[in-house]
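**Q** Take a look at this one; I'll ask things after.
The values are calculated or read from the model by the stated rules, or taken from the named source; none is laboratory data. All values derive from a computational prediction rather than experimental measurement. Neighbour counts are summed over all protein chains in view; Cβ atoms, including those assigned to glycine, are modelled from backbone coordinates with ideal geometry. We work out accessible area using only protein heavy atoms, side chains counted, and drop any ligands, DNA or RNA first. Shrake-Rupley method; radii C 1.70, N 1.55, O 1.52, S 1.80 Å.
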Amino acid sequence: MDYLAEPFRVKVVERVRRTTEEERARLIKDAGLNIFALPADSIYVDLLTDSGTSAMSDRQWAGLMVGDESYAGSRNFYKFQQTVRDLTGYQHIIPTHQGRMAEHLLFTIALTPGQHVPNNIHFDTTRAHVQHAGGKPVDLVCAEGLNPTIDKPFKGNMDLARLDAYLTEQGSNVPLVMVTVTNNSGGGQPVSMENIRGIREITHRHGVPMFFDACRFAENSWFIREREKGYSKKSVREIAQEMFSLGDGCTMSAKKDGLVNIGGFLALNNPEWSEKITNLLILLEGFPTYGGLAGRDLEAMSIGLEEVLEEDYLAFRIGQVRYLGEMLMAGGVPIVRPVGGHAVYIDAKSFLPHIPQSQFPGQSLVVELYRKHGIRAVEVGSLMFAEKDPKSGEVRYPALELVRLAIPRRVYTTMQMKYVGEAVLDLYSRRKELKGLRLTHEAPVLRHFTARLEHMEAATV
Ligand SMILES: *Cc1c(COP(=O)(O)O)cnc(C)c1O
């Protein structure tokens, strides 16, 4: 089990409070067995998300001090604009406070109600914004992208035959096609350049623009270099540039591969869309040279977008996630394969076969991981996605019952990852002791954020 040592050293430290098992047992009980209700300072290793949780570098922190907070024409904006143009080649660069605002602006302007938007798999906020604009999101990921055990290099790929057929059938009813790199909702799996070229060819032929949901463009480019023929000698930056050159624009949450705690943007070539979007931006976010951010945030984002393409950084980043995944696989823990770019996903159904989906096996694992070891993971399974049929009252459970361990960028050492790996292995050795849960409170929508649960009396089959 090889891993790469950190390509940075520590200049500032943030103390994390250690808690006792008794304290955590009380805290998680008070939280209604819901990790969203825990005070974050009672957590030792927080793997809830990789979004907005990155550690900024000394250069980024220094960048904050050269923030130009002029209402209009901030110098940080011009630098940011140049950085994004150099990276993507797109003409119109529109800063937003985070990714979902870029989605909101794009779909409000580009989409007419009733239209369909294909994607490999829509991320939650992307899906929600397509729907909010009156459109229908359609997921066209390749078949292996839905199979958690099959080990293939590019499981984020779009099914090209289905995309072609879809565009033939829907014709002008599709305002744009989106490609999410890496495919977050499909386990952080990458999309190959060959596939992106195929999507380009098909969308071109049908006269439909193609946009990237580019949140993890650097991680995706790294995987292309590692896994795709003809790319091993290219720099990650060149690969990213080639990828963007095949599209017409992108939305971006810089809280991921922008290495900042807040920020995002929309970049595109279409001047009519850009003008309308800019007008809407002024209404919703602010003047076009700050777009809902401070000048200093723009500076940190420009620097982050450069640093994220450093090869030492990416080798370590992807390597650290893989290290945790391989440690779990070596111990027999069932995980989604291959290990993705930003997270390790445990297959809770196989981990806890004695707990039926109606008793939330994923959440049971999440609760025990916190109670025993002070680690916060998140359930992506029946608590998050089970749906009740409004007519029959019958509950439909999602195909996958996963627990996600999302790794923040540059935050935890590999020793802390080893701690996480050992904690999961400990749970795996005691898995028969884990019990199912039942709901005591649920909200009508997005219930996982506020649900309250309790343990069943005993494990039941
Ligand atoms: C995080 C994310 C978004 C939304 O970005 P926010 O900054 O959270 O608004 C959109 N798409 C993907 C793939 C994401 O991971």
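**Q** Would you mind computing Rg(Cα) / (2.2 N^0.38 Å) for the chain, counting N as its residues?
**A** Expressed relative to 2.2 N^0.38 Å, the Cα Rg reads 0.97.
**Q** Restricting attention to region 4-101, which trypsin sites (Lys or Arg not before Pro) occupy a DSSP loop and are surrounded by at most 13 other Cβ atoms within 10 Å?
**A** 9, 11, 15, 17, 18
**Q** Have a look at the DSSP beta bridges in the chain and tell me what percent are antiparallel, nearest 5. Walk me through the numbers on the way to the answer.
**A** Details: 27 of 40 bridges.
Rounded to the nearest five, the antiparallel share is 70 percent.
**Q** Extension gain residue 279-residue 235, at 0.36 nm per residue separation less the Cα-Cα distance, in nm?
**A** Answer, rounded to one decimal: 12.1 nm.
**Q** Whenever you get a sec, compute what percent of the accessible area on region 1-155 sits on carbon and sulfur atoms (1.4 Å probe). Provide the component values of the computation, followed by the final result.
**A** Working: 4310 of 8030 Å².
Carbon plus sulfur share of accessible area: 54 percent.
**Q** A follow-up question, please. Residue by residue, what Karplus-based ³J(HN,Hα) values in Hz, rounded to whole numbers, does region 248-259 have, using 6.51, -1.76 and 1.60 with θ = phi - 60° and x for Gly and Pro?
**A** These are the phi-based 3J(HN,Hα) values: 10, x, 7, 9, 8, 9, 6, 6, 9, 7, x, 6 Hz.
**Q** Any chance you could list P(r) for region 58-307, counting all Cα-Cα pairs in 5 angstrom bins from zero, rounded to whole %?
**A** Result returned by the calculation: 1, 7, 14, 19, 20, 16, 12, 7, 3, 1, 0.
**Q** Among the listed pairs 152/349; 155/276; 11/255; 136/391; 79/229; 136/349, which have their C-alpha atoms separated by more than 26 angstrom in this model?
**A** 155/276; 79/229; 136/349
**Q** If you don't mind, another one. Counting only DSSP beta bridges with both residues in region 152-296, what percent are antiparallel, rounded to the nearest 5?
**A** Looking only at bridges with both residues in region 152-296, the antiparallel portion is about 45 percent.
**Q** Under 11 Å from the Cβ of residue 232, count the other residues' Cβ atoms, weight Lys and Arg +1, Asp and Glu -1, and hand me the total.
**A** In short, +3.
**Q** I would also like to ask the following. Set Lys and Arg Cβ to +1 and Asp and Glu Cβ to -1, take the dipole of region 324-461 about its Cα centre, and tell me which of 414, 448, 380 lies farthest positive.
**A** The listed residue farthest towards the positive side: 414.
**Q** What's the longest uninterrupted piece of the chain once you rule out the GluC sites (Glu not before Pro) that are loop residues per DSSP with at most 16 other Cβ within 10 Å?
**A** That gives 70-309 as the longest site-free run.
**Q** Using just the helices of the chain, give the 222 nm mean residue ellipticity in deg cm²/dmol: DSSP H runs with n ≥ 4 each add -39,500 (n - 2.57), and the total is spread over all residues, rounded to 500. Before the final figure, lay out the partial values.
**A** On the way: 16 runs with 182 residues, N = 461.
Taking each H run of at least 4 residues, the total per residue is -12000 deg cm²/dmol.
**Q** Based on Cβ point charges of +1 for Lys and Arg and -1 for Asp and Glu, what charge dipole magnitude is obtained for the chain about its Cα centre, in debye rounded to the nearest 20? Mind dumping the intermediate values first?
**A** Numbers: 53 positive and 56 negative charges, 123 e Å.
Computed charge dipole of the chain: roughly 600 debye.
**Q** Solvent-accessible area per residue for the chain at a 1.4 Å probe radius, Å²?
**A** Numbers: 19480 Å² over 461 residues.
Per-residue value: 42 Å².
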